[in-house]
1. Which order, highest average first, do 44-50, 122-128 follow once you tally other Cβ atoms within 10 Å for each residue and take the mean per peptide?
2. Please give the length that would be gained between E93 and L106 if that part of the chain were fully extended, namely 0.36 nm times their separation in residues minus their C-alpha to C-alpha distance (nm, one decimal).
3. What ranking do 27-34, 57-64 get when scored by the average of other Cβ atoms within 10 Å per residue, highest first?
4. Once both labels are modelled 7 Å past Cα along the beta-carbon direction, what's the E81-V140 spacing in nm?
5. Scan (1) 15.3, 49; (2) 21.8, 72; (3) 17.8, 61 for the value of Rg and Dmax of the Cα atoms in Å calculated from this model and give just the label.
6. Does anyone have the angle between helix 63-72 and the longest principal axis of the chain? Alpha-carbon axes, 0 to 90°, nearest 10?
7. Per-residue ellipticity at 222 nm for the chain, helices alone: DSSP H runs ≥ 4 residues times -39500 (n - 2.57), over residue total, nearest 500 deg cm²/dmol?
8. Once you keep just the Cα pairs under 8 angstrom separated by 6 or more residues, what percentage relative contact order results for the chain?
Amino acid sequence: MSFASLDASKLTLDNGATRAALRSIPAQWAVAFNASDVERLVELYDPEAIKFPASSSRPVVGVGALRRYFSSLDWSGATVEVKDEIETRMTGERSALTAGYHPFCLPLGETMTTLLVRYSFVLVRHIRSWRITHDHSSLVPPVRD
């Protein structure tokens, strides 16, 4: 299912297709990231979106800034996988939330390191699609006794 082709106007709050469409967005994000496809990533976002990356203390705001942010990443060997979705729900007639975990595999020197990152996407329904309007990622802190 293509993110851009989802017909959001036909989805209702309790329609199973809505839940499936919303749950597909993190997976589409991961596919675009793993392909190093900056344009495909940017297409997933609302034009005024805000992203709080795990790798930066500063927010990235708007499509132009998102394009620069994703273009500046060192993609060599980095991959992400969507795992353990913990929540997907409608927050209004035209808004939704999805959250979960995604392990990032990154080359550090000659070793591949996996970092567990938690994410939350706030999504807004456009005429024919859902778009990420807020994206927050952060490292999962170590468990304390």
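1. 44-50, 122-128
2. Details: separation 13, 0.36 × 13 = 4.68 nm, distance 3.79 nm.
Stretched out fully, the E93 to L106 stretch lengthens by 0.9 nm.
3. Working: 27-34: 17.9, 57-64: 12.6.
The most tightly packed comes first, giving 27-34, 57-64.
4. Each label point is offset 7 Å from its Cα along the Cβ direction, giving 1.2 nm.
5. Step by step, Rg and Dmax of the Cα atoms in Å for this structure corresponds to label (1).
6. So the helix axis and the longest Cα principal axis differ by about 30 degrees.
7. On the way: 3 runs with 35 residues, N = 145.
Result for the chain: -7500 deg cm²/dmol, rounded to the nearest 500.
8. Details: 270 pairs, mean separation 37.2, N = 145.
Normalised by residue count, the contact order of the chain is 26 percent.
Coordinate-derived values only; no laboratory data. Since the structure is predicted, the reported quantities are computational estimates derived from the model, not experimental observations. With ideal geometry, Cβ positions are generated from the backbone for all residues, glycine too; neighbour counts draw on all protein chains shown.
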